[in-house]
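Down below is the structure, laid out as structure tokens.
Throughout, read-outs are computed from the coordinates displayed, never taken from laboratory work. Just so it is clear, the model here is predicted, and its values are computed rather than measured. For neighbour counting, all protein chains shown are included, and Cβ atoms are generated from backbone atoms with ideal geometry for every residue, glycine included.
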């Protein structure tokens, strides 16, 4: 199912309801989106949204964590919450017969969590353990370091987990305040996919959320952040068996028309074992344990990154190899066959990402949150098909000319140089 019918409605209290009917299985999946991820946190309370979503399903004004778990597990349903950079999300999955009960439970969790102190401390310990675990992983360290040099003071530089210091300082009252500020009907998007009609969806949402009034206080707004950093190099020593080399470039947000071209470039460089990076740097040159690229979808300025896991002795040549493959995009046009292959891969992967009810609810709910309309599927497919080699080269030249470089390695030489022969060691080096 590539382009299913999507029905959009809005309640009087501002809640947006998306319904994607799919009667092929007796299952309904739902997503509750709220723009309140780590992008909305202050530096001193980094990780607040993560702690909130970890605790929000662990107790309401009526139900304990055990009672909530029993209600979910007794019918084989699924209900959970998580945090990203741009939003927090509650997810559910259930058979149609149990939808009303599970949806009501989700509504109770969203509207009246009580954040038990014991659960807060338990989840705090889990998050602190996850933060410590991340520091042991060279890829995570390289990516953290890259985000720092890319974004400076912008919230995108921070991990959604926060830091050990900030997580330790978050109080129950912080969670209560964050919930009261951000979780409100005029900021809520509910996306339901499966054996459900638009009328049934509206009736259900109205039954559970229709009496939820918009608070008199104005909704929260984001502080203006501008990204004005300059490309630079960062190195971190870590006693691991491989080095991680990561090159990053500031890239446009999802609403920017140039985003489509960079999505296709990402597919060309990284999609599968026939991708440019895999063939050139792993298969032909044997440099990489792992090599790929990624371009996250973001509401604000995003980033395009290429990376390699390699033997520490190959660090210098890994930097020059990654740079050379990206620079080729700026200098040499792709052939018609290369462009078409990248298009086929990207559109095929995109279609496969909308096969289940959960994927459908996620995709269309996220479109709404990102400010894209329900016809974005068709627009995306058409835009990809119309892209030319010349347009890809223009986009590469505009965004991928000068990288921010992050390296984590157990060994490194101060003589490491760029592929063009200029010394890498500069401001911020270790």
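Go ahead and run the numbers for FRET between residue 283 and residue 121, Cβ-Cβ distance against an R0 of 51 Å, rounding to 0.05.
Details: r = 50 Å, r/R0 = 0.97.
Rounded to the nearest 0.05, the efficiency is 0.55.
Using the Kirkwood radius built from alpha carbon pairs, what does the Stokes-Einstein equation give as D for the chain at 10 °C and 1.306 mPa s, in µm² per second? Before the final figure, lay out each step's value.
Working: Rh = 23.4 Å.
Approximately 68 µm²/s, per Stokes-Einstein.
Give the peptides 219-228, 366-375, 244-253, 317-326 in descending order of average Cβ contacts within 10 Å, highest first.
Ranked from most to least packed, the peptides come out as 244-253, 317-326, 366-375, 219-228.
Can you sort 330, 259 from fewest to most other Cβ atoms within 10 Å of each residue's own Cβ? Present the calculation step by step, with values, prior to reporting the outcome.
Values: 330 15, 259 20.
Least crowded to most crowded, the residues run 330, 259.
Please report the orientation-averaged projected area of the stretch 1-61, defined via the convex hull of its C-alpha atoms, in nm². The partial results should precede the final answer.
Details: hull surface 29.5 nm².
Mean orientational projected area (the stretch 1-61, Cα hull): 7.4 nm².
Given the C-alpha centroids of the stretch 354-411 and the stretch 289-328, what is the distance between them in whole angstrom?
17 Å
Simple spin-label model, 7 Å along Cα-to-Cβ: residue 173 to residue 225 in nm?
Distance between the two pseudo-spin positions: 2.6 nm.
Estimate the FRET efficiency between residue 70 and residue 25 by the formula 1/(1 + (r/R0)^6), using the beta-carbon distance for r and 25 Å for R0, to the nearest 0.05. Can you show the working numbers first?
On the way: r = 25 Å, r/R0 = 1.02.
With R0 = 25 Å, the Cβ-Cβ based efficiency is 0.50.
Using Cα atoms only, what is the angle between the long axis of helix 336-352 and the major principal axis of the chain, expressed in degrees (0 to 90) to the nearest 10?
Taking the Cα atoms of the chain, the angle to 336-352 is about 20 degrees.
Once you put a point 7 Å from the Cα of residue 297 and another 7 Å from the Cα of residue 211, both along the Cβ direction, what distance in nm separates them?
3.6 nm
Using a Förster distance of 30 Å, how high is the FRET efficiency between residue 236 and residue 330, based on the Cβ-Cβ distance and rounded to 0.05? Let's see the in-between values first.
Working: r = 28 Å, r/R0 = 0.94.
The pair residue 236/residue 330 has a calculated efficiency of 0.60.
Taking the number of other C-beta atoms within 10 Å as the exposure measure, put 273, 308 in order starting with the fewest.
Values: 273 8, 308 26.
So the residues, fewest neighbours to most, are 273, 308.
Using a Gaussian network model of the chain whose springs link C-alpha atoms within less than 10 Å, name the residue from 186, 344, 256 with the highest mean-square fluctuation.
Comparing 186, 344, 256 in a Gaussian network model of the chain, the most mobile one is 256.
Testing the spin-label approximation: label points 7 Å from Cα along Cα→Cβ at residue 61 and residue 199. State their distance in nm.
Between residue 61 and residue 199, the simple spin-label model gives 3.4 nm.
What is the packing order of peptides 396-406, 350-360, taking the mean over residues of other C-beta atoms within 10 Å and listing the highest first?
Numbers: 396-406: 20.1, 350-360: 16.5.
Result, highest mean first: 396-406, 350-360.
Need the full-extension length gain, residue 389 to residue 337, defined as separation in residues times 0.36 nm minus the C-alpha distance. One decimal, nm.
Details: separation 52, 0.36 × 52 = 18.72 nm, distance 1.01 nm.
That works out to 17.7 nm of additional length.
Just for the chain, what percent of DSSP beta bridges are antiparallel, to the closest 5?
Numbers: 47 of 58 bridges.
Around 80 percent antiparallel, to the nearest 5.
Taking each pair of distinct Cα atoms in the stretch 88-214 once, what is the resulting Kirkwood hydrodynamic radius in Å? Walk me through the numbers before you get to the answer.
Values: mean 1/r = 0.0563 Å⁻¹.
So the Kirkwood estimate lands at 17.8 Å.
Run the helix sum for the chain: -39,500 (n - 2.57) per DSSP H stretch of 4+ residues, divided by residue count, reported at 222 nm to the nearest 500 deg cm²/dmol.
On the way: 14 runs with 174 residues, N = 430.
For the chain, the value works out to -12500 deg cm²/dmol.
Using alpha carbon centroids, what distance separates the stretch 150-205 and the stretch 86-112, in Å?
14 Å
For 17, 306, 279, which order do you get if you count the other beta carbons within 10 Å of each Cβ and list the fewest first?
Details: 17 22, 306 27, 279 15.
Going from least to most buried by this count: 279, 17, 306.
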